[in-house]
Amino acid sequence: MAQVTDSFTFNRQQFMKNRTVMAPMTNMQSHEDGTLHERELRWLTRRAEGDFGMIVTCASHVRKDAKAWHGQLGFFDDSLLPGLREIPRELHRHGALAIAQLFHGGVRSTSKTTGQQPVAPSVVHQDFKDFEVPRALSEKEILEIIQDFKAAAVRAHKAGFDGVEIHGANGYLFTQFISTVTNLRTDKWGGSLSNRARFLFEVLKEIRSACPSPFIVGVRLLPEDTAKARGFDIDETCQLLEQMPEYKVDYIHLSGRDVRAKPWKYPEGSRTILARFRQSLPSTIALIAAGGIKTEGDCEAAFRDGADLVAVATAAITEPDWPKKIAKPGFMPKALPLTVAEARERAISEPFIEYLKTMKMVKSE
Ligand SMILES: Cc1cc2nc3c(=O)[nH]c(=O)nc-3n(C[C@H](O)[C@H](O)[C@H](O)COP(=O)(O)O)c2cc1C
């Protein structure tokens with residue numbers, strides 16, 4: 001069984017000094033026009049100094065109207081390249097792999113951030129704050145967005161990133177296509193599972209053709225329904241995993257609530273979601289576990305169920321040096337919420353502090 005301190009190599013070339021991943025985190029610290037701000041770079045670099053083996057950026061939009069938050073980092077234009085180049089340059093200086101998470105918000109890219117009506121596979125009403133009725137994408141627009149993802153991946157490659165992670169989780173555009181609730185299309189982009197997954201697989205095909213190995217291509221996937229995204233089935237997700245070798249995917253990043261969780265569908269079953277993922281994925285494709293990982297015991301539970309790497313979000317907020325501390329007996333990350341001063345000490349700047357306050361991860365003072 002792997003240990004968190006063991007190294008890992010992708011494609012026999014891309015070396016990770018340990019098995020730790022900083023999970024993607026929206027932090028709203030960049031400029032309004034999508035260019036990198038010093039404070040987002042500092043937030044990432046501080047975690048590389050803390051010895052994370054791989055750092056994934058925030059969900060970053062691949063076209064202007066795919067943006068879902070203020071201060072979101074963009075990958076939609078070559079004019080962003082000077083800023084983007086700084087991320088891998090700094091992360092590599094500290095020995096971390098740099099991965100760009102590529103994103104389109106779909107119905108969640110509302111006019112508040114884009115100035116335009118949101119788009120989605122189908123016009124479906126959803127119950128979330130700031131919901132706006134979307135417009136259904138035409139086939140021509142779907143094909144354009146696929147090309148936007150390809151162009152963004154090429155840009156990441158040019159900027160010196162080691163790879164990209166497609167954000168196929170948490171209720172954004174890819175999940176809006178895969179979901180049986182939000183995709184009601186009757187053309188080749190809706191209906192059967194293979195039609196609903198076509199958008200994801202076409203994006204992967206295009207990216208791989210433009211960015212051959214050893215450039216890393218990962219996919220973040222939602223295994224089943226959550227409060228925010230409905231219309232998912234663990235058995236369907238496992239069927240998608242079985243198809244991943246065809247698209248030369250290097251890793252799957254499970255977006256979970258708890259690494260030890262069993263599926264809603266099979267609560268009495270013996271296997272966790274993670275173990276089911278591992279069983280459906282060939283061993284040549286790495287599996288990243290995320291969800292509630294804090295201690296070495298949590299890492300062990302993930303490795304036991306077949307994870308190759310462990311990703312943390314919350315623990316990377318409270319403990320920028322988590323990889324250096326994790327193997328110390330009895331280590332437990334600082335509990336949330338942080339005070340504003342504690343957040344600042346951890347290279348977290350005001351826009352992110354305000355965002356974390358809305359999640360009660362930083363105290364409102
Ligand atoms: C502040 C914050 C921002 C997040 N932003 C993203 C994101 O941009 N992309 C993504 O895939 N997941 C995002 N997540 C989810 C995390 O990557 C992670 O899967 C989740 O928090 C569970 O891990 P944890 O228990 O270690 O926090 C975010 C989580 C937090 C706390």
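Has the stretch 266-286 got at least one residue that is touching a strand residue (DSSP E or B) at 6+ places or on another chain (Cβ under 8 Å), more than 12 Å from the ligand (Cβ to nearest atom) and among the aromatic types (Phe, Trp, Tyr)?
yes
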(message) If I ask for residues that are under 16 Å from Arg46 (Cα atoms), within 11 Å of the ligand (Cβ to nearest atom) and either in a loop (DSSP other than H, G, I, E, B) or of a type in the set (D, E, K, R) (or both), which ones from the stretch 338-365 would you list?
(response) Ile348
(request) Would you be able to tell me the number of residues in the stretch 216-236 that are within 17 Å of the chain's Cα centre (by Cα) and more than 17 Å from Asn170 (Cβ to Cβ)? (result) 2
(request) Among residues belonging to the stretch 12-25 that are surrounded by fewer than 17 Cβ atoms within 10 Å (Cβ to Cβ) and part of a loop (DSSP other than H, G, I, E, B), point out the one that is farthest from the ligand (Cβ to nearest atom). (result) Arg12
(message) I'm trying to understand the selection: among the residues of the stretch 289-337, which are within 16 Å of the ligand (Cβ to nearest atom), in contact with a Lys or Arg (Cβ under 9 Å, 6 or more places away or on another chain) and without any contact (Cβ under 8 Å) to a residue 40 or more places away in the chain?
(response) Gly291, Gly292, Asp298, Ala315, Thr318, Phe331, Met332, Pro333, Leu336, Pro337
(request) Would you mind finding the one in Arg46, Arg85 that is assigned to a helix (DSSP H, G or I) and more than 15 Å from Gly160 (Cα to Cα)? (result) Arg46
(request) Could you list, in sequence order, all residues of the stretch 310-331 that are surrounded by fewer than 19 Cβ atoms within 10 Å (Cβ to Cβ) and of a type in the set (D, E, K, R)? (result) Asp321, Lys324, Lys325, Lys328
(request) Working carefully through the options Lys67, Lys129, find the one that is without any contact (Cβ under 8 Å) to a residue 60 or more places away in the chain, surrounded by 24 or more Cβ atoms within 10 Å (Cβ to Cβ) and not β-branched (Val, Ile, Thr). (result) Lys67
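Would you pick out the residues in the stretch 269-298 that are closer than 30 Å to Ser349 by Cβ, more than 19 Å from the chain's Cα centre (by Cα) and surrounded by 16 or more Cβ atoms within 10 Å (Cβ to Cβ)? Reasoning before the result, please.
If we filter the stretch 269-298 for residues that are closer than 30 Å to Ser349 by Cβ, which is where we start, we get 288-295, 298.
Filter once more, keeping what is more than 19 Å from the chain's Cα centre (by Cα): 295, 298.
Once the filter is applied, which keeps residues that are closer than 30 Å to Ser349 by Cβ, more than 19 Å from the chain's Cα centre (by Cα) and surrounded by 16 or more Cβ atoms within 10 Å (Cβ to Cβ), the stretch 269-298 yields only Asp298.
This table checks each residue for (1) within 20 Å of Thr113 (Cβ to Cβ); (2) surrounded by fewer than 19 Cβ atoms within 10 Å (Cβ to Cβ); (3) modelled with pLDDT of 95 or more.
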{"site": "Asn27", "(1), (2), (3)": "yes, no, yes"}
{"site": "Thr35", "(1), (2), (3)": "yes, yes, yes"}
{"site": "Leu44", "(1), (2), (3)": "no, no, yes"}
{"site": "Gly53", "(1), (2), (3)": "no, no, yes"}
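This table checks each residue for (1) among the acidic types (Asp, Glu); (2) touching a Lys or Arg at 6+ places or on another chain (Cβ under 6 Å); (3) not assigned by TED's automatic domain parsing to the domain that holds Ala315.
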{"site": "Gln13", "(1), (2), (3)": "no, no, no"}
{"site": "Pro24", "(1), (2), (3)": "no, no, no"}
{"site": "Gln29", "(1), (2), (3)": "no, yes, no"}
{"site": "Glu32", "(1), (2), (3)": "yes, no, no"}
{"site": "His37", "(1), (2), (3)": "no, no, no"}
{"site": "Leu44", "(1), (2), (3)": "no, no, no"}
{"site": "His61", "(1), (2), (3)": "no, yes, no"}
(message) Can you confirm whether Phe215 is of a type in the set (Phe, Trp, Tyr), more than 22 Å from Ala152 (Cα to Cα) and modelled with pLDDT of 95 or more?
(response) no
(message) Among the listed residues Ala286, Ala229, identify the single one that is touching a residue at least 12 places away in the same chain (Cβ under 8 Å), touching a Gly at 6+ places or on another chain (Cβ under 7 Å) and small (Gly, Ala, Ser).
(response) Ala229
(message) Looking at the stretch 343-356 only, could you name the residues that are surrounded by 16 or more Cβ atoms within 10 Å (Cβ to Cβ) and of a type in the set (D, E, K, R)?
(response) Arg346
(message) Here's a check for you: in the stretch 173-195, which residue that is crowded, with 24+ Cβ neighbours inside 10 Å and of a type in the set (Ser, Thr, Tyr) is nearest to the chain's Cα centre (by Cα)?
(response) Thr175
(message) Among the listed residues Pro323, Pro245, Pro267, identify the single one that is part of a loop (DSSP other than H, G, I, E, B) and either of a type outside the set (Val, Ile, Thr) or modelled with pLDDT under 95 (or both).
(response) Pro267
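The values are calculated or read from the model by the stated rules, or taken from the named source; none is laboratory data. The model shown is predicted, which means the values in this text are computed figures rather than measured ones. Don't worry about glycine lacking a Cβ; one is built from the backbone with ideal geometry, like all the others, and counts go over all protein chains shown.
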